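The next block holds one structure in the form of structure tokens; read it before the comments.
All of the numbers you see were taken from the coordinates with simple rules; none came from a lab. Keep in mind it's a predicted model, so treat the numbers as computed, not measured. Backbone-built Cβ (ideal geometry, glycine too); neighbour counts: all protein chains shown.
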Amino acid sequence: MSNNGNSRFLRLAVLASGRGSNFEAIQRAIEEGRLDACICIVISDQVEAPVLEKALRAGIESIYINPASFAGKAAYEQRLVEELGARHVDLVVLAGYMRLVGTTLLEQYPQRILNIHPSLLPAFKGLDAQQQALDYGVKWSGCTVHFVDAGMDSGPIIMQTAVPVEDGDDEESLAARILVEEHRLYPRVIQAIARGLVRVQGRRVTIAAGD
Ligand code: GRF
């Protein structure tokens, strides 16, 4: 494991509900020495989520927590808080986690929860962002990494990457073009946080130049 200059080594938790390609991209960046972090735990709210199997194959602890087995959202998130706390997690990384984060988790990890969304926010929040972009007729879309707040895809924006919408795109082709950029963007943002370069003032997030 390399350590790039002055960065603080971050202990990450990945919360994911599905495929897990962003998890894999983050783990690859760690293995290639581009990201001064480790993924201590992958947690899924879906028992069949492929991300669980991918984490196991990468030698990373992964657990399924069934939200339906708790009395409500606060109780479910309290269990998440306990799992994260037990592993001394610094930063919570949502990667295709299909739930709104509630106050229990937000209060424990203020400005320490990230999400990635496949559009140029604030356009096209929520589900099917790529199809929303096609239906609207925009010529550019992309991906956004932002801090999570109590709203849906509404927290302060950290970094974005734009991609063109091509004539003849369908949801699949546009999603694939955006996904390539998601896999680049997420590790870059996390590394900027590890290096202490990210500053938040209200909604405005600035990233100082690295050396
Ligand atoms: C990504 O498109 C991400 O932007 C969105 O959900 C998808 C997750 O994909 N939030 P994966 O599970 O990381 O492959």
Within the chain, helix-based [θ] at 222 nm, where runs of 4 or more DSSP H residues each add -39,500 (n - 2.57), nearest 500: -10500 deg cm²/dmol
Relative contact order [Cα under 8 Å, 6+ residues apart], segment 92-198, whole percent: 25
Share of pairwise Cα separations in the chain, more than 22 Å, in percent: 49
For Gly96, distant residues with modelled amide H under 5 Å away: Ile116
Length released on extending from Lys125 to Trp140, taking residue separation times 0.36 nm less the Cα-Cα span: 3.9 nm
Simple Cβ-charge dipole of the chain, Lys/Arg +1 and Asp/Glu -1, about Cα centre, in debye nearest 20: 800
Potential lengthening between Arg199 and Ser173 on full extension [0.36 nm per residue; Cα-Cα distance subtracted]: 5.9 nm
Amide N of segment 175-206 lying under 14 Å from the label point, which is placed 7 angstrom from the Cα of Arg19 along Cα→Cβ: 175-184
Cα point-scatterer Debye curve for segment 4-113, base-10 log of I(q)/I(0) at q = 0.13, 0.14, 0.16, 0.24 Å⁻¹: -0.45, -0.53, -0.69, -1.46
Note, ³J(HN,Hα) from phi for segment 92-109, Karplus 6.51, -1.76, 1.60, rounded to Hz, x at Gly and Pro: 9, 10, 7, 9, x, 8, 8, 9, 6, 7, x, 5, 4, 6, 4, 6, 7, 10
Between segment 70-94 and segment 145-211, the Cα center-to-center distance that results, in Å: 24
Reference-scaled alpha-carbon Rg (2.2 N^0.38 Å with N residues) for segment 31-70: 1.35
For the chain: relative contact order, % (alpha-carbon pairs under 8 angstrom, 6 or more apart): 20
Other-chain or far-sequence residues with amide H under 5 Å of Met159's (modelled H): Val145
Sorted by Cβ density within 10 Å, fewest first, the residues Thr161, Thr103: Thr103, Thr161
Relative contact order, percent, segment 88-135 [alpha-carbon distance under 8 Å, six or more residues apart]: 34
Contour minus Cα-Cα distance for Thr206 and Arg87 (0.36 nm per residue): 39.9 nm
Amide H partners (placed H, <5 Å) of Val165, local residues excluded: Trp140, Ser141
